[in-house]
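Below: one structure in structure tokens.
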Amino acid sequence: MSQYELDKLDRQILNALQSDATVPLKVLAEQLNSSVATCQRRISRMQADGVITKQVVLVNPAAVGRSLSVFVAVEMDSQSAARQDAFVRSMEKEADVVSCYEISGEHDYMLLVHARDMADYHRFTRRVLVSENNVRSFKSQFVMNFNKVETKISL
């Protein structure tokens, strides 16, 4: 995807929605001195063009019984595109994996996993990372505290 040309109103809409995606269109339009129709048209266009990819609610993992959060650096056994694609598809199906990034450097992927506890995470590693998933090795780093959790890209 090439860089999308955002004008001032697009940036204002994106900043507002990233702070609160539940804001009613009427309120958003009033805040931005625009019309509801214009805001809706801009949002629809940005969704169609892949600028807005998803609207979600952020949940505190500990508040819903996922008290163990782990960054997992994964080194693949084979670098073939087919094997890596299979790994990514496998991670997409895993409810405990909330992020999967292909990265450069010593490891191939970085995962963020939210587990109920250490026993739950241990079962995850045995089932997903030690099984036939093309994983040579993995390193776990346990989150001690969430100091900043943000998805907003200020524009």
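What follows is calculated from the coordinates using simple rules that are stated; it is not laboratory data. Quick caveat, the model's predicted, so the values are computed rather than measured. Counting neighbours? That spans all protein chains shown, and the Cβs are built from the backbone with ideal geometry, glycine included.
In whole Hz and in residue order, list the ³J(HN,Hα) couplings for segment 26-32 that follow from phi through the Karplus curve 6.51 cos²θ - 1.76 cosθ + 1.60, θ = phi - 60°; x for Gly and Pro.
So the Karplus estimates, Gly and Pro as x, are 4, 5, 4, 4, 5, 4, 9 Hz.
List the longest stretch of the chain that has no exposed loop site; here a site is one of the GluC sites (Glu not before Pro) assigned by DSSP to anything other than H, G, I, E or B, with at most 13 other Cβ within 10 Å. Don't skip to the end; give the middle numbers.
On the way: sites that count: E5, E106, E132, E150.
The answer is 6-105.
What full-extension length gain, to one decimal in nm, is calculated for A21 and E92 as 0.36 nm per residue of separation minus the Cα-Cα distance? Each step should come with its number before you reach the end.
On the way: separation 71, 0.36 × 71 = 25.56 nm, distance 2.39 nm.
Length gained between A21 and E92: 23.2 nm.
Can you pull out the trypsin sites (Lys or Arg not before Pro) in segment 69-155 whose DSSP state is coil and whose Cβ has at most 14 other Cβ atoms within 10 Å? Please list the in-between numbers first.
Values: sites: R83, R89, K93, R116, R123, R126, R127, R136, K139, K148, K152; in loops: R116, K148, K152.
Passing sites in segment 69-155 are K148, K152.
Relative to the first principal axis of the alpha-carbon coordinates of the chain, what is the inclination of helix 81-93, with its axis defined by its Cα atoms, in degrees from 0 to 90 and to the nearest 10?
Long axis of 81-93 versus the principal axis of the chain: about 70 degrees.
Which of (i) 11.3; (ii) 13.7; (iii) 9.3 is the computed mean projected area of the Cα convex hull in nm² for the structure on display?
Calculated mean projected area of the Cα convex hull in nm²: the matching label is (i).
Expected output is a single nm value to one decimal: the length gained when fully extending between V130 and R11, i.e. 0.36 nm times separation in residues minus the C-alpha distance. What is it?
On the way: separation 119, 0.36 × 119 = 42.84 nm, distance 4.40 nm.
Stretched out fully, the V130 to R11 stretch lengthens by 38.4 nm.
Would you count, across the chain, every pair of lysines whose alpha carbons are under 29 angstrom apart, provided the pair is eight or more residues apart or spans two chains?
14
Tell me, what is the FRET efficiency for Y4 and N147 to the nearest 0.05, using R0 = 41 angstrom and their Cβ-Cβ distance as r?
On the way: r = 31 Å, r/R0 = 0.75.
Plugging the Cβ-Cβ distance into 1/(1 + (r/R0)^6) gives 0.85.
Which residues make up the longest stretch of the chain clear of chymotrypsin sites (Phe, Trp or Tyr not before Pro) that lie in a DSSP loop with no more than 16 other Cβ atoms within 10 Å, not counting the sites?
Values: sites that count: Y4, F146.
Maximal segment without exposed cleavage sites: 5-145.
Can you give the net charge of the other residues whose Cβ lies under 15 Å from the Cβ of D7, counting K and R as +1 and D and E as -1? Before the final figure, lay out the partial values.
Values: positive: K8, R11, R41, R42, R45; negative: E5, D10, D49.
Value of the local net charge: +2.
Given the Cα-Cα distance of S154 and S140 and 0.36 nm per residue of separation, how much length would full extension add, in nm? Before the final figure, lay out the partial values.
Values: separation 14, 0.36 × 14 = 5.04 nm, distance 3.05 nm.
Extending this stretch completely gives an extra 2.0 nm.
Please give me the summed charge of the neighbours of L32: other residues whose Cβ is under 14 Å from its Cβ, Lys and Arg +1, Asp and Glu -1.
On the way: positive: K8, R11, K26, R41, R42; negative: D7, D10, D20, E30.
Counting the neighbours of L32, the net charge comes to +1.
Counting only other residues whose beta carbon sits under 14 Å from that of R83, what net charge do I get with K and R as +1, D and E as -1?
On the way: positive: R89, R136; negative: E75, D77, D85, E102, D108, E132.
It works out to a net charge of -4.
With axes computed from alpha carbons, what is the tilt in degrees of helix 8-19 against the longest principal axis of the chain, rounded to the nearest 10 within 0 to 90?
So the inclination is approximately 50 degrees.
Starting at the first residue of segment 59-70, write each ³J(HN,Hα) from the Karplus equation 6.51 cos²θ - 1.76 cosθ + 1.60 with θ = phi - 60°, in whole Hz, x for Gly and Pro.
10, 6, x, 5, 5, 10, x, 10, 7, 10, 10, 9
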